[in-house]
Amino acid sequence: MPAGWGRRLAAPTMSNSIGFMLLSVLAYSFFPLVGTSSVDQVDPTLFIALCHLFAFLGLLPVALVMIRRRRTAFTATRPALRSRPYLADCARSGLVNAISHASLFASFSYVNSASSTAIYEIWPVAAVVLFSRLIAEYRGTELRDWLYLGLSGGGVGLIAVSVSLGRRADALHRDWDTTIGIALALLSAGAMALSTTLSARASRRLGTMHDPLSQAVLAQSTIKVFSTLGMTTVFLLLFAVRGASPHLDAAVVGLAAGTGIFIIALGAVTFQIGNILATSPIINLLWFLTPVISLLWLDITGLAEITRGIATGAIVIIAGNLLMTTRADPQTAYTGTVLGLCLSIGICGVVLGDNDEHYFDMVATVAGVFAILVAFMLQRVTEKGQRVGEAAIDLLEAVRRSSQFPDEQRARLTASILTWLGNRHVRPTRPPEGTEGLVPPELAGKDDMVDERARRLVASTAAVVSFGERLVLVILAGLIIVILHISRPNTFAGDLFPVVLSGVVIFLGVRVWEEHDSVRVASIRRIYGGPQTPEPSSGTGSRFMATVSALLLVGILALYTLTLLRVYGVPFTFAHQ
């Protein structure tokens, strides 16, 4: 691999972080499939101990090669490798990891393995909190992060309930067995969150290497020593209690070797790299994709079936990831559309339509009136966006040409204007009196042209859609959504049509309500911005983020469509010549 590619992959960017995290998700998504295949052949604790042993053996030569090729960097890092904090974090991470796996497999004796695994996958919820508390480089979580985190956690809960009810009708009865099983699964999730946080902190202690791959490999090699010893100890204790002799053959050893190297080692290293390159613990919510992909593998192999409840939970998980990790569009209309899709899918899965024979006529009538009103309002909103953009450009050019401001003041005033624009398009507010917040008080009054154009920019942000128009818009949008779901026919098209049209109605309605042109504002910020210009608080979208968002939205609709095809048994037929 060319050196340039290595430097690009090691760059601390969100796209690199997401890429490595998705590779880890893909690797670990095969773990339930392997576990399901091996559970009847070998003791689970022995199998996991072998997997961790082979993971260490797979990482060891890579670590030795890196040490040899990066001798200078390793020499500088050697004190950190021998330091007590680093070894303590590795030891705790490995031992807690063994406790996590032991608790998970112990829960299989009380509730079915599918529900335990799904409950276990809520560990990123705890990891978000622990990363913020134990790793100084991560920013704190915001209120919106907690809301989206709860959304993703709710999706995992839906999967757990659906799988449990599908495999064993009494899986969630309030008896002691169920209580103990769920408690053990939750303990496993908490232990995994702590283990992951400690391993990430251990790898960050090797920061002098300036190489995330070396950091992850060396840290995971050390951690796997302790996890192997811990899991082996757990097996020996269980073996002493049960008195059963272990059974191993070449197939089991080969499966353990492949699992250890290509799932555990590869997944752990890429997970660590993703966290090293990230600046927020929210990146760990991508892990919520793991149970979704795992269930897909189990469904493809015939070991499990994706029910409507599982599909709904998977869609909620993807939506939570979409809103928390990508944020391709900071507008409320984008967020509302994604949440509307989840709500619509949930309603279609719970509420049966009444098969009204005038369904499409009613929808067409109300949607026609809604479209006409939205068209006129959107025209005014678009014209307002043009006026705001032109006024902002005129003001910025006036500041650039003004001779009344020294270079330092000119840069500060430009940054203040761009920050005002960015914050307004992220958090809509009422236009302030005068130029408050736009021009710093100490810089106001120095240039009449700048002051005049600042007032013009503030005036151009005045609302162009009245409250009465917004009220009518909300009433019509609500009526469309109600008719779409309540009066729909119980068919494939009847369950698909409301989801798609609801998303469109919500996007258009919220877009008119916001009255903002974030694309134009983002372009102005890119052209006139500089190092002094802070980013809006919720971040800006990029082409990569937009691509990921589009793929995930397509995945939501594709997963829902495939589920409907299975529910209604829609056959595929080909026309003959």
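At a glance:
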read-out	value
Set 282, 300, 315, 310: member being at pLDDT below 70 and either farther than 24 Å from residue 62 by Cβ or among the hydroxyl-bearing types (Ser, Thr, Tyr) (or both)	282
Residue 193 being modelled with pLDDT of 75 or more, part of a helix (DSSP H, G or I) and touching a Cys at 6+ places or on another chain (Cβ under 8 Å)	no
Flag for residue 461 being farther than 18 Å from residue 354 by Cβ and of a type in the set (S, T, N, Q)	yes
Failed condition for residue 268, given (1) open to solvent by less than 30 Å² (accessible area, probe 1.4 Å); (2) modelled with pLDDT under 75; (3) aliphatic (A, V, I, L, M)	(2)
Scan of the stretch 439-482 for residues that are touching a Pro at 6+ places or on another chain (Cβ under 9 Å) and either open to solvent by 40 Å² or more (accessible area, probe 1.4 Å) or over 30 Å from residue 408 (Cα atoms) (or both), ordered by number	459, 462, 463, 481
When residues of the stretch 109-138 are limited to those that are buried (at least 24 other Cβ atoms within 10 Å of the Cβ) and closer than 18 Å to residue 48 by Cα, the one modelled with the highest pLDDT	120
Test: residue in the stretch 376-386 that is farther than 30 Å from residue 438 by Cα and either surrounded by 15 or more Cβ atoms within 10 Å (Cβ to Cβ) or over 34 Å from the mean Cα position of the chain (by Cα) (or both)	yes
Breaking point among (1) of a type outside the set (Lys, Arg); (2) open to solvent by less than 30 Å² (accessible area, probe 1.4 Å); (3) modelled with pLDDT of 75 or more; (4) within 20 Å of residue 192 (Cβ to Cβ), for residue 287	(3)
Unmet requirement for residue 44, which otherwise passes all of (1) modelled with pLDDT under 85; (2) open to solvent by 40 Å² or more (accessible area, probe 1.4 Å); (3) touching a helix residue (DSSP H, G or I) at 6+ places or on another chain (Cβ under 9 Å)	(2)
Count of the stretch 483-507 residues which are open to solvent by 50 Å² or more (accessible area, probe 1.4 Å) and among the aliphatic types (A, V, I, L, M)	4
Filtered residues of the stretch 89-108 (kept if among the charged types (D, E, K, R) and open to solvent by less than 10 Å² (accessible area, probe 1.4 Å))	89
Selection from the stretch 336-360 of residues that are among the polar types (S, T, N, Q), open to solvent by 10 Å² or more (accessible area, probe 1.4 Å) and at negative phi	337
Of residues in the stretch 518-543 being open to solvent by 40 Å² or more (accessible area, probe 1.4 Å) and either part of a loop (DSSP other than H, G, I, E, B) or touching a Lys or Arg at 6+ places or on another chain (Cβ under 7 Å) (or both), the one modelled with the highest pLDDT	542
Verdict on residue 273 being within 17 Å of the chain's Cα centre (by Cα), modelled with pLDDT of 75 or more and surrounded by fewer than 21 Cβ atoms within 10 Å (Cβ to Cβ)	no
Residue check for residue 512: over 19 Å from residue 496 (Cα atoms), at pLDDT 75 or above and either in a helix (DSSP H, G or I) or of a type in the set (A, V, I, L, M) (or both)	yes
Condition check for residue 402: among the small types (Gly, Ala, Ser) and either open to solvent by 20 Å² or more (accessible area, probe 1.4 Å) or at pLDDT 85 or above (or both)	no
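One line per residue, one yes/no per condition, for (1) open to solvent by 40 Å² or more (accessible area, probe 1.4 Å); (2) outside any loop (DSSP other than H, G, I, E, B); (3) hydroxyl-bearing (Ser, Thr, Tyr); (4) at pLDDT 75 or above:
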| site | (1), (2), (3), (4) |
| --- | --- |
| 197 | no, yes, yes, yes |
| 201 | yes, yes, no, yes |
| 213 | yes, yes, no, no |
| 219 | no, yes, no, yes |
| 229 | yes, yes, no, yes |
| 238 | yes, yes, no, no |
| 245 | yes, no, yes, no |
| 253 | yes, yes, no, yes |
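The values are calculated or read from the model by the stated rules, or taken from the named source; none is laboratory data. Just so you know, these numbers come straight off a predicted model, no measurement behind them. Neighbour counts are summed over all protein chains in view; Cβ atoms, including those assigned to glycine, are modelled from backbone coordinates with ideal geometry. Quick note on the areas: whole protein, heavy atoms, side chains included, nothing else; ligands and nucleic acids left out. Shrake-Rupley method; radii C 1.70, N 1.55, O 1.52, S 1.80 Å.
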